[in-house]
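The values are calculated or read from the model by the stated rules, or taken from the named source; none is laboratory data. This is a predicted model, so every value here is computed, not measured. For neighbour counting, all protein chains shown are included, and Cβ atoms are generated from backbone atoms with ideal geometry for every residue, glycine included. Areas reflect the complete protein model, heavy atoms only, side chains present, ligands, DNA and RNA absent. Shrake-Rupley method; radii C 1.70, N 1.55, O 1.52, S 1.80 Å.
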Amino acid sequence: ELVQSNEEIQKLVAFEGTFEVLFQIIKKEGSGDGRDDQAIVVLDCLALLAILLKGNVLNQNYFRETDCMQYIAPLITVTGSDLWFLTEKKMQCLAASLNLIECLVQSTNSSTVSNQQVLRKLGIPQKVLQLGLSRVNSVLIRSRALRTLAGLLHAQPENHYLLATTSMTVGTDQSTQPKMPLTPSKALLQSCTADQPALSRLLRVTLSSTSYFERSSALRAFGSYLFQNADGQLALVSTLTPVPVDDSAQLDTLPIGRQLIAAMMHYQDDPLRAWFSSLLLSYMVRDNEEAQNFLLKIPFDLPTDEGNLVLLRERLRSLLSLLIQDKSVQPIAVVGYLRFACLWISHCPRAVEYFYEDPTTISFLVEAIIQPTGDLHIRGLCALFFALSFLHTDDPKLKNTLHGLISHRIGTDKFSEKLRELRKSMAFMAAEQGNEPEKQEIAVDETSFDQLDRSVLFYDYGFTLFFKEVYDETLREIKYSGQQQSPLKQIHRSSQKTNQRQADEIKQLKKQLDIQAKELEIYKLQTRNFQQQVDTLKSLPSSPARGLALNEDAQSSPSSSPSGSAAGPPPGRSAREADLEREVLELRLALETRNEQQKATASADHELQQQYDSMVRSYALLESALQQKTAELAQAKTQAQSHSGGSLRGVASPEGESGSGSGSEALLAELEQLRVRNDQLSHEKRSLESRAREEKEHLLRQLAAAHAQVQAQAARAEAGQMGSAAVGSISLEELATLRAELEAARHANAELQQKLTTANQEYTSLEAEQEELLVCLATTELENSTLKAKLQQEV
């Protein structure tokens, strides 16, 4: 309870050697294989380890640097008897050990990549893969192992290759062991025989398991495998190509892609299986334009004797129409397919144009959107598909058609309302907050899904981010599309683009600062590790002055290269000393590299300042244009007065003089009011621009100050590290001081990011007010022109 929510106490506890002590206790108590009373102690130790490591990057770095990860492998090792029967305590220990690995590979951790690499070297992914895809007699353990496997696979190319090349040997005794290696192409095309590819086994669990918890965990692992894995996506998309099979062939013997297509086409038989297949297909084409375009060329079946060839895209387009118009289809199958279709056409103009080659596509999509009854998720996803088509088509004619339908046939307000309904639904908000179904209390041994509210399955956190991005972009594009912009608006839009580009570059600069801070922390850890090694050498009884000699060598040869030291240790020196010297040189090279990165950051700062100056010049042009319009208004008033005076003097009738004079005076009075209003608007506009410039300059000064602070701290840390490499000693107090300074810099950076967010929000509000002023100015110009015409007619 003491360390549960206090990160500082967690650090103090961890750096007192708690990790090593806990693992010694676990080993003494039998690592979970002993008696029940021993297993309780092991569970308490694992729970404390998870508390110390979860979300605490410094503790995770210390855990990794002290080689404590090597103690995890024995905790998740199972024997042949465990595959048949697991005791309750053994199952709890396995679940707690898998939870410990999950804490180390969470996608939100900055140290996840380093943790994944160390775990891979220790063989942890193979053991987790065995637990997840074997016949372990526990759905809970298999499901937890698959969720842990998803964290190990996330954005990790080495582990992607491991899964793609691993085969699972499924024997008659229902035992499963990883077997290496296979080439990725053979692993994808190999059928489900005794040596089954791990990917095929993972697909089988996703589509056929009787536990929702296990199926969703397998789906997550599949998604992590395909995340940032373009080669894996293309390899799986290629398995959609038809292959010759016997009529008696089982579905499980088909390649992965053909199994997915078959499951999606038989949506009436098993809607949930079709939903899982649709999501897997969406992962295969997500953010991969090459895979999206390749899907357009794949045939649905082998050519017949008559030479007829039906493409897969034709069946998929027909399936879209069929699913939306058939009211008897369960919503989960329709939602799954619409999610796949939306990710397919995203940033793929060729796919958009193909869907709309059939004129009926527009009609049934519009009908699905405007219908007052029906499932709100289907209506909202149809609107999302329509919005993506409008955003990502390169055909101007199709874009204008879709814009007209949204603006007039559907109505902009009604169209945005359908999207908002989906965004405010309970299923969407639950996924938006990260409350995915597998995190809820669902019976993992459930054999029927009838009692499960399937609407909770519709979305995940990644899809909610995608939806919100498309939602905001669609509303902006619909608002500006089709409008003929005046020169003032063109300048304004150009200024907006410049501001957006500048904001993006500021974000990039902040990312670089964060990376440098992380590198600085890594260098400190390396320095501490090196200091421990030097102290160990000094304490050796055989050569008490060995550490001193090493430091003298490091000082005498600062310019030596790693390649030179690799040739072998000089006479009188051990290989260990040579290795330590190489580590010192590598650390120096890393510091030089970071200095170069800091120079590049300074160059980026200069470029950012130049772009800001360009933005100021754009504002000056806008102000000049406003002044020009004001001058034209004054000139129009002068001309109106001169015309009015000449006409009145030439009129002979007293009645005519009186009537004409009073009409002209009224028009001139109204014109004077418009001029005053225009002056007020111009003054407000200049005031808003001045506030925006001041906010921007203040923000840039704060950012520069924070950058300078980080650079100064990095320089102090570098000086401290070089000093430790030279003299071989550094105190724990100095390390604590450096760590405190780094924490202060991070805190200042977080405050700066918060201020930047607030300033951006205020700046957005100012831009909205500026746009309103421009609209008012345009209205004033129109009224001015109308009054001039009326005045000329009176004259």
Q: State all residues of the stretch 347-366 that are aromatic (Phe, Trp, Tyr) and either in a helix (DSSP H, G or I) or closer than 19 Å to SER282 by Cα (or both); if no residue qualifies, say none.
A: TYR354, PHE355, PHE364
Q) Within the stretch 308-344, which residues are touching a Leu at 6+ places or on another chain (Cβ under 7 Å), hydroxyl-bearing (Ser, Thr, Tyr) and either open to solvent by 60 Å² or more (accessible area, probe 1.4 Å) or free of Cβ contacts under 8 Å to residues at least 60 places away in the same chain (or both)? A) none
Q.
Looking at (1) open to solvent by 20 Å² or more (accessible area, probe 1.4 Å); (2) under 27 Å from SER321 (Cβ atoms); (3) part of a loop (DSSP other than H, G, I, E, B), which one does PRO242 not meet, given that it meets all the others?
A. (1)
Q. Are there any pairs, at least 6 apart or on different chains, whose C-beta atoms fall under 7 Å, with the first in the stretch 520-531 and more than 9 Å from ASN61 (Cβ to Cβ) and open to solvent by less than 20 Å² (accessible area, probe 1.4 Å) and the second among the acidic types (Asp, Glu) and in a helix (DSSP H, G or I), and if so, which?
A. PHE530/GLU583
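State whether one or more residues within the stretch 390-411 are of a type outside the set (Ser, Thr, Tyr) and within 30 Å of SER217 (Cα to Cα).
Going residue by residue through the stretch 390-411, those that are of a type outside the set (Ser, Thr, Tyr) are 390-392, 394-400, 402-406, 408-411.
Filter again for within 30 Å of SER217 (Cα to Cα), leaving none.
Checking the stretch 390-411: not a single residue is of a type outside the set (Ser, Thr, Tyr) and within 30 Å of SER217 (Cα to Cα).
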**Q.** Filter result for the condition that a residue is at pLDDT 75 or above and in contact with a Leu (Cβ under 9 Å, 6 or more places away or on another chain), over SER209, SER224
**A.** SER224
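A quick yes/no check of all residues on (1) among the β-branched types (Val, Ile, Thr); (2) closer than 28 Å to ILE522 by Cα; (3) open to solvent by 10 Å² or more (accessible area, probe 1.4 Å):
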{"position": "GLU20", "(1), (2), (3)": "no, yes, yes"}
{"position": "PHE23", "(1), (2), (3)": "no, yes, yes"}
{"position": "ASP33", "(1), (2), (3)": "no, no, yes"}
{"position": "MET69", "(1), (2), (3)": "no, yes, no"}
{"position": "ALA73", "(1), (2), (3)": "no, yes, yes"}
{"position": "LEU98", "(1), (2), (3)": "no, yes, no"}
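Would you confirm whether or not the stretch 352-362 contains a residue that is more than 29 Å from the chain's Cα centre (by Cα) and open to solvent by less than 20 Å² (accessible area, probe 1.4 Å)? I'd like the intermediate steps shown before the answer.
Going residue by residue through the stretch 352-362, those that are more than 29 Å from the chain's Cα centre (by Cα) are 356-362.
Narrowing further to those that are open to solvent by less than 20 Å² (accessible area, probe 1.4 Å): 361.
Yes.
Which one is modelled with the lowest pLDDT among residues in the stretch 75-96 that are touching a Lys or Arg at 6+ places or on another chain (Cβ under 9 Å) and open to solvent by 50 Å² or more (accessible area, probe 1.4 Å)? Quick ask: steps written out before the conclusion?
At the first step, the residues of the stretch 75-96 found to be touching a Lys or Arg at 6+ places or on another chain (Cβ under 9 Å) are 76-78, 82-84, 89, 94-95.
If we keep only those that are open to solvent by 50 Å² or more (accessible area, probe 1.4 Å) as well, we get 77, 84, 89.
Values: THR77: 89, TRP84: 70, LYS89: 88.
Of everything passing the filter in the stretch 75-96, TRP84 is modelled with the lowest pLDDT.
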Q. So, in the stretch 2-58, of the ones that are basic (Lys, Arg) and assigned to a helix (DSSP H, G or I), which residue ends up farthest from ASN109 (Cα to Cα)?
A. LYS28
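Does LEU43 satisfy the condition of being free of Cβ contacts under 8 Å to residues at least 60 places away in the same chain and open to solvent by 20 Å² or more (accessible area, probe 1.4 Å)?
On the way: free of Cβ contacts under 8 Å to residues at least 60 places away in the same chain: yes; open to solvent by 20 Å² or more (accessible area, probe 1.4 Å): yes.
It is true that LEU43 is free of Cβ contacts under 8 Å to residues at least 60 places away in the same chain and open to solvent by 20 Å² or more (accessible area, probe 1.4 Å).
Restrict the check to the stretch 308-317 and report whether at least one residue is part of a loop (DSSP other than H, G, I, E, B), more than 25 Å from VAL366 (Cα to Cα) and not hydrophobic (A, V, I, L, M, F, W, C). Please lay out each step first, then the result.
Filtering the stretch 308-317 for residues part of a loop (DSSP other than H, G, I, E, B) gives 308-310.
Then drop every residue that is not more than 25 Å from VAL366 (Cα to Cα), which leaves 308-310.
Add one more test, that the residue is not hydrophobic (A, V, I, L, M, F, W, C), and what stays is 308.
Looking through the stretch 308-317, at least one residue is part of a loop (DSSP other than H, G, I, E, B), more than 25 Å from VAL366 (Cα to Cα) and not hydrophobic (A, V, I, L, M, F, W, C).
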(Q) Please determine whether any residue of the stretch 490-502 is within 27 Å of GLU596 (Cα to Cα), modelled with pLDDT of 70 or more, in a helix (DSSP H, G or I) and under 40 Å from the mean Cα position of the chain (by Cα). (A) yes
Q. What number of residues in the stretch 104-118 are part of a loop (DSSP other than H, G, I, E, B) and under 17 Å from LEU49 (Cβ atoms)?
A. 4
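Residues checked against (1) at pLDDT 90 or above; (2) in contact with a Phe, Trp or Tyr (Cβ under 7 Å, 6 or more places away or on another chain); (3) of a type outside the set (Phe, Trp, Tyr); (4) open to solvent by 30 Å² or more (accessible area, probe 1.4 Å):
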{"site": "GLY404", "(1), (2), (3), (4)": "yes, no, yes, no"}
{"site": "GLY411", "(1), (2), (3), (4)": "yes, no, yes, no"}
{"site": "PHE415", "(1), (2), (3), (4)": "yes, no, no, no"}
{"site": "GLU441", "(1), (2), (3), (4)": "no, no, yes, yes"}
{"site": "VAL456", "(1), (2), (3), (4)": "no, no, yes, yes"}
Q) When you go through (1) under 26 Å from PHE458 (Cβ atoms); (2) open to solvent by less than 60 Å² (accessible area, probe 1.4 Å) one by one for ASP269, which number turns out not to apply? A) (2)
